[in-house]
Number of protein chains: 2
Amino acid sequence: MGRLVAAHGAAGALACVRAGRWPGEFAAAERARAGRRESDLERRLESWRARLPLVDPGRDLAATERAGARVVVPGDPGWPTQLDDLGDARPLILWLRGDAEFRFACLRSVAIVGSRACTAYGAQVAADFAGTLSERGWTVVSGGAYGIDGAAHRGALSGGAPTVCVLACGVDVPYPAGHTHLFDAIRADGVLVSESPPGARPARTRFLVRNRVIAALSRGTLVVEAAIRSGALNTAAHAADLSRHVAAVPGPVTSELSAGCHRLLRESAATCVTTPEELIELIGEMGGDLAPVRRAPTLPLDTLSPEARRVLDALPARGGAGPATIAIAAGLPLTDALAHLGHLSAIGQARQTPQGWRRRPTPPP
Amino acid sequence: MGRLVAAHGAAGALACVRAGRWPGEFAAAERARAGRRESDLERRLESWRARLPLVDPGRDLAATERAGARVVVPGDPGWPTQLDDLGDARPLILWLRGDAEFRFACLRSVAIVGSRACTAYGAQVAADFAGTLSERGWTVVSGGAYGIDGAAHRGALSGGAPTVCVLACGVDVPYPAGHTHLFDAIRADGVLVSESPPGARPARTRFLVRNRVIAALSRGTLVVEAAIRSGALNTAAHAADLSRHVAAVPGPVTSELSAGCHRLLRESAATCVTTPEELIELIGEMGGDLAPVRRAPTLPLDTLSPEARRVLDALPARGGAGPATIAIAAGLPLTDALAHLGHLSAIGQARQTPQGWRRRPTPPP
């Protein structure tokens, strides 16, 4: 259908379906392209034609107005052109409901997705990441489901940037019902998006085709928690197909809900990301959004020379030892050992007691 | 010292240190090699010479006998030749204490290392991995410390294969003291190993040089939990230098004790491993030890044709619909729709009720 509309326009495509006849050249190209038989093509046209009685654009537009929604189509100034990367699978139309400027909001956007039946750990990580990303001006895109999606939207709302919720039902259908208040909040500060007209109920296939829109809208997709069988992995696969970044948050190996993330990491299909900064480095401007490398704190011992370290090792932990004994144990001339003992004492690593020198009690590394 | 012993033998090296004179050619080679100044070389020799009064091989051998220990040196039939990969840093001698045949035990061995202050999660994962590896005939090598090391040794003991504990003190020194019983158990079923003579106390530098022996003995090193500053990362770095496999277990990103593992994964310095089988695939024989790919269970819906799936999606969740309505919604001829309804009913996905056909209640994916 995407190719038919691209070749003959929406009105032309509708006329073909009504007439029950493929344009000759188009049918030939389709047969050559996919190796399809004539009967397959006829069947496809027949199935579209059977749905015609259900189509009522006037009703859809009236419902759109009633819901306070609007539509964008490819070519509109408000159309996010990154969706064109979907090629033939580009949506033909999107319904929008909410106060945010959709195209602008998606310029710096990242998808955060994951399981509905997430753990408290996953929900916390999703909300933390979304909150920080939103504070830094990134738009969080997700699917409005229970679990990770909901936590991501809520975190994003707390951060100040708009959040985009791509639904598998109409923009006026509160599904799941428990997220009715969340959808209200998203409309106020962000935008609800759907490929289906107002009133459309959620259906299995709509969830899967919806996922490609989430992936295509965003610069990258972060999977927070996902079982091996998970719609989030489907979104990640779409993102990879579109040459978008894919990132995954690791979790306990004892959690089935992190198994999907770990599979992405094991197959090098995703980058391991543990902080929002690391995600921003991945999806942000080259060189402009570098995450700080996590470093250990510098301890005084790090600055010791190898000889001073040997003197430290030669110090007894209990009792005490004289400088000559220490110098021999460290394999150093007495004068050098005395100098190092003074330095170690100054940084609090050695102590002079009536019994002699001893180490400040710390366990070995 | 490794190069001096390699060039002139242990007795020759001792004679050089006693005399306080480098062999002329050797000193020239050292200067050329490391760009060292004459004074550095003299200083090095002086520091070794200062330690001579502490050296008493007769006392060490008597202590070895008292402890029921034995020694192996390079070239012995019992010497694990994989240690030769350490080159100049190869140990000059190892003390062994325990009933296992050391060289044989290390032929199929893997190091499991991590933080002393581990979490319950880390301890459980270390023990689980070690237990399974041991059951499959793999020797677990670790360092005998509290935390991950101890959990790994305990898990290995439960599995039946010997476990190898490389200590930073003498093989007769129970350090840490709380592991005295663990060391007794390791001696009975495995072997305690040390580069230091009996009676040697643990010292800072000994822990770091010990780590290279753990890495070199094993086919690969698994880091279970490690903070950013951790001796386990030092062992992993040695393993990488020796072209051994490095693996890391992911954990919660909220845990500082997994941060070291995640850094290894982010820097592609380690393979993400979540089950013992995945670790065995990594370190095992090429093609002989493949881990099963984790797959989702196959649901009846997976086997549906696209048309049957459309019929399923056309079914209402509540009430019921007649076959003609369903056929139109699915975009299929009535006869095809009826056939699919029969199949869906047979696999329990559709139900015929007095109100018409409806879906078996399941949530969308």
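What to note about this one:
- Neighbouring partner chain Cβ atoms per residue of B:254-261, average, 10 Å criterion: 3
- A cut-off of 5 Å between modelled amide H atoms, ignoring neighbours fewer than 5 places along the same chain, links B:Val171 with B:Gly199.
- Volume per residue that the Cα convex hull of the range B:2-55 spans, once the total is divided by residue count, Å³: 74 Å³
- Order by protection proxy (mean Cβ within 10 Å, highest first), peptides B:123-132, A:161-170, A:274-283, B:348-357: A:161-170, B:123-132, A:274-283, B:348-357
- ³J(HN,Hα) computed for each position of the range B:338-349 - Karplus, 6.51 cos²θ - 1.76 cosθ + 1.60, integer Hz, glycine/proline x: 4, 4, 5, 4, x, 5, 4, 5, 5, 8, x, 9
- Dimensions of the protein assembly as shown based on its C-alpha atoms, expressed as ranges along the principal axes with the largest first, amount to 106, 49, 46 Å.
- The range A:1-61 and the range B:148-176 have Cα centres separated by 71 Å.
- Pairs of Cα atoms farther than 37 Å apart, chain A, %: 42 percent
- Cα-based equivalent ellipsoid of the range A:48-132: semi-axis lengths in Å, sorted from largest, via gyration tensor: 31, 18, 16
- Residues B:Glu101 and B:Arg31, FRET efficiency given R0 of 30 Å [Cβ-Cβ distance, rounded to 0.05]: 0.10
- For the range A:53-95, the square roots a ≥ b ≥ c of the C-alpha gyration tensor eigenvalues yield an a/c of 1.5 or more together with a/b not exceeding b/c, which makes the shape oblate.
- Cα convex hull, the range B:237-277: 72 Å³ per residue, rounded to a whole number.
- Residues whose amide H falls under 5 Å from that of A:Val246, counting only those 5 or more places apart or on a different chain, are A:Thr221, A:Thr271, with hydrogens built in the peptide plane.
- The range A:64-283 - charge dipole about Cα centre, Lys and Arg +1 at Cβ, Asp and Glu -1, debye rounded to 20: 500 debye
- The mean number of Cβ atoms from other chains found within 10 Å of a Cβ in peptide B:46-52 is 4, as a whole number.
- Those trypsin sites (Lys or Arg not before Pro) in the range B:1-110 that DSSP places in a loop and that have at most 12 other beta carbons within 10 Å: B:Arg21, B:Arg37
- Its Cα centre serving as origin, the range B:2-55 has a Cβ charge dipole (Lys and Arg +1, Asp and Glu -1) of approximately 100 debye.
- Using θ = phi - 60° in the Karplus curve 6.51 cos²θ - 1.76 cosθ + 1.60, the 3J(HN,Hα) couplings for the range B:224-241 round to 8, 8, 7, 6, 4, 9, 7, x, 5, 5, 5, 4, 4, 5, 4, 4, 5, 4 Hz; x is entered for Gly and Pro.
- Equivalent ellipsoid of the range B:195-273: semi-axes from √(5λ) of the C-alpha gyration tensor, largest first, are 24, 15, 9 Å.
- Centre separation in Å (Cα based) which lies between the range A:79-104 and the range A:210-231: 17 Å
- A simple spin-label model places the labels of B:Asp184 and B:Asp56 2.9 nm from each other, with each point 7 Å out along Cα-to-Cβ.
- Zero-based 10 Å bins, Cα pair distances in the range B:300-359, whole percents: 27, 62, 11
- Overall, the protein assembly as shown carries a charge dipole of about 480 debye about its Cα centre when +1 sits on the Cβ of Lys and Arg and -1 on the Cβ of Asp and Glu, all other atoms neutral.
- Between A:Gly251 and B:Gly251, the built amide H atoms are under 5 Å apart, and every one of these is 5 or more places off in sequence or on another chain.
- Where the protein assembly as shown is the region considered: accessible area per residue in Å², 1.4 Å probe: 45 Å²
- Between B:Ala89 and A:Arg360, the modelled labels are 2.9 nm apart [label points 7 Å from Cα along Cα→Cβ].
- Within the protein assembly as shown, percent of DSSP bridges classed antiparallel, to nearest 5: 35 percent
- Theoretical FRET efficiency, 1/(1+(r/R0)^6), r = Cβ-Cβ of B:Ala324 and A:Glu285, R0 41 Å, to 0.05: 0.15
- Placing a label point 7 Å from Cα along the Cα-to-Cβ direction at B:Pro316 gives distances to the equivalent points in the other copies of 9.1 nm, listed shortest first.
- Considering only beta bridges that DSSP places wholly inside chain A, some 35 percent are antiparallel.
- Relative to its residue count, the range B:179-336 spans a Cα convex hull of 240 Å³ per residue.
The values are calculated or read from the model by the stated rules, or taken from the named source; none is laboratory data. These numbers were taken from a predicted model, which means no experiment stands behind them. When we count neighbours, we look across all protein chains shown, and the Cβ atoms used for this are built from the backbone with ideal geometry, even at glycine. For accessibility, only protein heavy atoms count, side chains too; no ligands or nucleic acids. Shrake-Rupley method; radii C 1.70, N 1.55, O 1.52, S 1.80 Å.
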